[in-house]
Amino acid sequence: MSRLRFHIVALFIAIAVGKALAADDAGLVFTDTIHDFGEISVRSGYNTCQFHFVNHSDSTIQILGALSSCGCAIPEYPRQAIEPGQSGVVSVTYNTLGRPAGPFERSVLLILSGDRPRIVLRLRGKACDDESNLWYKN
């Protein structure tokens, strides 16, 4: 029951924050905020994608935390302050092991320093159980 509650709260946070706030207001501008894995095998294990950003503000920004909508999506982000003009990467690893086959969507909510709006990064794709359905082999 607590897992369901966590997913519901994370979903509401992602929807409310993701639609209402622009990334430019946050100061960190990402090249992409959505990554589509396409079709991946449920047996492929850990699949990592990277979200690249640049601090376009005139002040230092720090990523204070990253909240994932699911324990199967593990974010890694720079812990040090990001100076104006500095670039960086947020990596998110999605674990397909033990997950059901079918389409998936996950989100990661980045909490920034100061009164900056949060940023939502999204992962999506289709986990396939049958290797013959994949356009490539792992």
- line: Residues of the stretch 62-83 being part of a strand (DSSP E or B) and not β-branched (Val, Ile, Thr), in sequence order, are Leu64, Gly65, Ala66, Leu67, Ser68, Ala73, Pro75, Glu76
- request: Among the residues of the stretch 21-56, write down those that are surrounded by 19 or more Cβ atoms within 10 Å (Cβ to Cβ), modelled with pLDDT under 95 and not hydrophobic (A, V, I, L, M, F, W, C).
  value: Gly27, Ser41
- prompt: Is there any pair linking a residue in the stretch 63-81 that is at pLDDT 95 or above to one that is surrounded by 17 or more Cβ atoms within 10 Å (Cβ to Cβ) and in a loop (DSSP other than H, G, I, E, B), with Cβ under 6 Å and at least six apart or on different chains, and which?
  reply: Ile63/Tyr77; Ala66/Tyr77
task: Taking Val108 as the residue in question, decide whether it is exposed (fewer than 13 other Cβ atoms within 10 Å of the Cβ) and within 12 Å of the chain's Cα centre (by Cα).
output: no
field: Members of the stretch 79-99 found to be touching a Gly at 6+ places or on another chain (Cβ under 6 Å) and surrounded by 15 or more Cβ atoms within 10 Å (Cβ to Cβ), listed by number
entry: Ile82
task: Evaluate the following for Gly88: is it part of a loop (DSSP other than H, G, I, E, B), in contact (Cβ under 8 Å) with a residue 24 or more places away in the chain and within 24 Å of Val54 (Cβ to Cβ)?
output: no
Residue check for Gly102: surrounded by fewer than 19 Cβ atoms within 10 Å (Cβ to Cβ), at pLDDT below 95 and among the small types (Gly, Ala, Ser): yes
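The values are calculated or read from the model by the stated rules, or taken from the named source; none is laboratory data. Just so we're clear, the structure is a prediction, and the values are computed from it rather than from any experiment. Note: ideal-geometry Cβ built from the backbone for every residue, glycine included; neighbour counts use all protein chains shown.
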